[in-house]
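What follows is calculated from the coordinates using simple rules that are stated; it is not laboratory data. Computed from a predicted model, the values in this text were never measured in an experiment. We place every Cβ from the backbone using ideal geometry, glycine too, and count neighbours over all the protein chains shown.
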Amino acid sequence: MSKLPVLMYHNVSLTESKGLTINVKKLEAQFQYLSDKKYRSYHFSELMSLDQLPAQKNVVITFDDAYVSQLEYAVPLLKKYELKATFFVPLYYLGKTDAWNTATLPIMTAEQLHLLDPSVIELGYHSYAHQKYDELSVAEIEADTKQCFEAVDDHSLEFTKVLAYPYGKYPREHSAKKLFFEQLKQEQFQLGLRIGNRINVFPFKDPFEIQRLDIKGEYSLGKFKRKLKFGKFL
């Protein structure tokens, strides 16, 4: 089994670097480190067809919320350092702003998503309305998922059947969690992502509880390196 850190980013900024927003220079330093250390990046669609990882150092890079800043700043850096990433999209908010967070940061339009090179950027689901799954009923989750699929079809987008839970939230009580995961399987999702801040092993033991490393904007490069290696044990 191989170690597989999954990195989680959100907004990218020319000036700020705190919390869910990372400065573009810090992001470049992190990507350069991954490139220099010969990390191999993957799309989830690739992982679905693998039984083992061929490289010694492996990573998955994810960005939540499909901010326009990701198109402007993250995509050129991914191309520069020959890395791949998955963008998780809250489909109701295409062409709008992040009402659940700042209400000011613009989300990409469907047209902008179409501009993304699929060899670099893979698109994944981040719910329809960016609500917490642990606060929704089974029927509400089913309706949200149906709206996701309709939006993808309406805009002729290509999405991988991987889902990043908004806020990392999902039902935790045993019977509710089992029902939630069964519902995802019925909708043909193959992978689900929480937060957790631990390093995964591959193949995934729990494909609907894949953990991501929350990379904060205030992290130094040294702290990034430690989190990449050890997860939450900083």
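Quick rundown of the values:
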| item | result |
| --- | --- |
| Rounded to 5, percent antiparallel among DSSP beta bridges of the chain | 20 |
| Other-chain or far-sequence residues with amide H under 5 Å of Ile195's (modelled H) | Arg212 |
| The chain, helix-only ellipticity at 222 nm - DSSP H runs n ≥ 4, -39,500 (n - 2.57), divided by all residues, nearest 500 | -8500 deg cm²/dmol |
| Tail fraction, Cα-Cα pairs, the chain, threshold 27 Å, whole percent | 29 |
| Fully extended contour minus Cα-Cα distance, from Glu218 to Phe230, at 0.36 nm per residue | 2.5 nm |
| Per-residue HN-Hα couplings for region 88-94 [Karplus 6.51, -1.76, 1.60; θ = phi - 60°; Hz; x = Gly/Pro] | 9, 10, x, 5, 4, 8, 4 |
| Rule-of-thumb Rg ratio for region 86-157 [Cα; 2.2 N^0.38 Å; N residues] | 1.13 |
| Globularity ratio of region 1-63, using Cα Rg and 2.2 N^0.38 Å | 1.27 |
| At R0 = 25 Å, FRET efficiency that the Cβ-Cβ distance of Ser137 and Lys161 yields, to 0.05 | 0.65 |
| Alpha-carbon centroid distance for the pair region 1-63 / region 169-222, whole angstrom | 16 |
| J(HN,Hα) series, region 149-156, from Karplus relation 6.51 cos²θ - 1.76 cosθ + 1.60, nearest Hz, glycine and proline x | 5, 5, 5, 4, 5, 4, 9, 6 |
| Net length gained if the chain between His174 and Glu46 were fully extended (0.36 nm per residue, minus Cα distance) | 43.1 nm |
| Integer Hz, Karplus 6.51/-1.76/1.60 couplings in order for region 120-132, x for Gly and Pro | 9, 10, 9, 9, x, 7, 9, 6, 8, 10, 6, 9, 7 |
| Cα convex hull volume per residue for region 139-208 (Å³) | 111 |
| Volume of the Cα convex hull of region 1-112, divided per residue and given in Å³ | 115 |
| Most mobile of Ser175, Ser137, Ser13 in a GNM of the chain (Cα contacts under 10 Å) | Ser175 |
| Convex hull volume per residue for region 182-234, taking Cα atoms only, in Å³ | 88 |
| Other-chain or far-sequence residues with amide H under 5 Å of Ser13's (modelled H) | Ile22, Asn23, Val24 |
| Label-to-label distance, nm, for residues given as Lys3 and Glu28 (7 Å Cα→Cβ offset) | 2.8 |
